[in-house]
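Below is one structure, written out as C-alpha cells, with a few remarks after it.
The values are calculated or read from the model by the stated rules, or taken from the named source; none is laboratory data. Predicted model only: the values in this text are computed from it and were never measured. Ideal geometry is used to build each Cβ from the backbone, glycine not excepted, and the neighbour counts take in all protein chains shown.
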Amino acid sequence: ETGVTQSPTHLIKTRGQQVTLRCSSQSGHNTVSWYQQALGQGPQFIFQYYREEENGRGNFPPRFSGLQFPNYSSELNVNALELDDSALYLCATSDSRSYNEQFFGPGTRLTVL
Amino acid sequence: GNSVTQMEGPVTLSEEAFLTINCTYTATGYPSLFWYVQYPGEGLQLLLKATKADDKGSNKGFEATYRKETTSFHLEKGSVQVSDSAVYFCALTFNYGQNFVFGPGTRLSVLP
C-alpha cells in the first residue's frame, strides 16, 4: 500500500505567477483535502474533493482552485500568487468509509518572492 | 466559529519527564477531537483521537481524554523520549474530514 505523495517538494515563484501542486492519494482513498500551513502555524483547511467534486471549502479566495481525477489524485492551483501564499501546502486523503481517518502527505513548500 | 487553543511552546523536557500539552476548543455542538504530530520535514501523522465525551484516545504511550465539561483534550505522556521531539497539533472536526480545525501547534523538545 503506497502512502500519500506530493510534488514538487519545493517550489519558488514570483508574485503574480500561477502554480500547480499535485497529490497522489493513498491506495483506496477517494477523498482529498488540501491545507495551507504558514510558518509556525497550524494547517488551515482550503477545500476537499470527493468523487471529482468540491465537497467543502474554507475561507480562501477563488484564485485557489482544485481538481480531482478519476484515479483520485488531485491538483491545487493558485493564480495571481501573493507573498502571503508562501507556506507548506499539505494534502490529506481518506476513505469515506473510515470516519475521519485522514492521512497526510509530506507537503510542498511554496516560496513566493 | 470553531477554534482550537493550545499552550504556547516551545516545551523543553528532560528524557523520562512527564508531559502535558493543554488543548481547549470552542465549538457549536460536540466535535471529534484529534492529536496530530509533525516530525521535522514530514507531514502530519494521526497520534490519537476521541469521537465523544469521556472517550480516551491512546497511542504510543500518549493519552488524551475528551472532557465536554471543560471543552478540553489535554495530551499526556508519562515518560517522554528524545524521539518524541516534534510539533503537536490539536484538532477538531464535525464530519468526514471537512473543516478540520487545527490549533497553532506546540513544539516539544526532549533533551537526553
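Brief remarks follow.
Okay, residues lined up against (1) within 25 Å of B:VAL101 (Cβ to Cβ); (2) surrounded by 16 or more Cβ atoms within 10 Å (Cβ to Cβ):
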{"residue": "A:SER27", "(1), (2)": "no, no"}
{"residue": "A:LEU39", "(1), (2)": "yes, no"}
{"residue": "A:ILE46", "(1), (2)": "yes, yes"}
{"residue": "A:ARG51", "(1), (2)": "yes, no"}
{"residue": "A:GLU54", "(1), (2)": "yes, no"}
{"residue": "A:GLY66", "(1), (2)": "yes, yes"}
{"residue": "A:PHE69", "(1), (2)": "no, no"}
{"residue": "A:LEU81", "(1), (2)": "no, yes"}
{"residue": "A:ASP84", "(1), (2)": "yes, no"}
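- Check on A:GLN36, of a type outside the set (D, E, K, R) and at pLDDT 90 or above: yes
- When each of A:LEU76, A:LEU88 is tested for being away from chain B (no Cβ under 14 Å), buried (at least 18 other Cβ atoms within 10 Å of the Cβ) and in a strand (DSSP E or B), the lone residue that passes is A:LEU76.
- In region A:44-57, the residues that are more than 9 Å from chain B (Cβ to nearest Cβ) and more than 17 Å from A:TYR89 (Cβ to Cβ) form Cβ pairs under 8 Å with partners that are outside any strand (DSSP E or B) and of a type outside the set (A, V, I, L, M), at six or more places apart or across chains, as follows: A:ARG51/A:ASN30; A:GLU52/A:PHE69; A:GLU52/A:PRO70.
- Screening region B:11-32 for residues that are within 14 Å of another protein chain (Cβ to nearest Cβ) and modelled with pLDDT under 95 and picking the one that is surrounded by the most Cβ atoms within 10 Å (Cβ to Cβ) gives B:PRO31.
- Hits in region B:44-101 (condition: hydroxyl-bearing (Ser, Thr, Tyr) and within 14 Å of chain A (Cβ to nearest Cβ)): B:THR51, B:TYR66, B:TYR88, B:THR93, B:TYR96
- Here A:HIS29 passes the criteria (1) in a strand (DSSP E or B); (2) within 14 Å of chain B (Cβ to nearest Cβ) except the one numbered (1).
Rundown of residues vs (1) aliphatic (A, V, I, L, M); (2) at pLDDT below 95; (3) surrounded by fewer than 22 Cβ atoms within 10 Å (Cβ to Cβ), yes/no style:
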residue	(1), (2), (3)
B:GLY41	no, yes, yes
B:THR65	no, no, yes
B:SER72	no, no, yes
B:VAL82	yes, no, yes
B:VAL87	yes, no, yes
B:VAL101	yes, yes, no
B:LEU108	yes, no, yes
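- Taking the criterion of being touching a Ser or Thr at 6+ places or on another chain (Cβ under 6 Å) and more than 21 Å from A:GLU101 (Cα to Cα), the only residue of region B:25-38 that qualifies is B:THR26.
- Just one residue in the set A:SER73, A:SER65, A:SER24, A:SER86 is of a type in the set (S, T, N, Q) and over 12 Å from the mean Cα position of the chain (by Cα); that residue is A:SER86.
- Complete set of residues in region A:1-24 that are touching a residue at least 60 places away in the same chain (Cβ under 8 Å), of a type in the set (Ser, Thr, Tyr) and out of contact with any Gly (no Cβ under 9 Å at 6 or more places or on another chain): A:SER7, A:THR14
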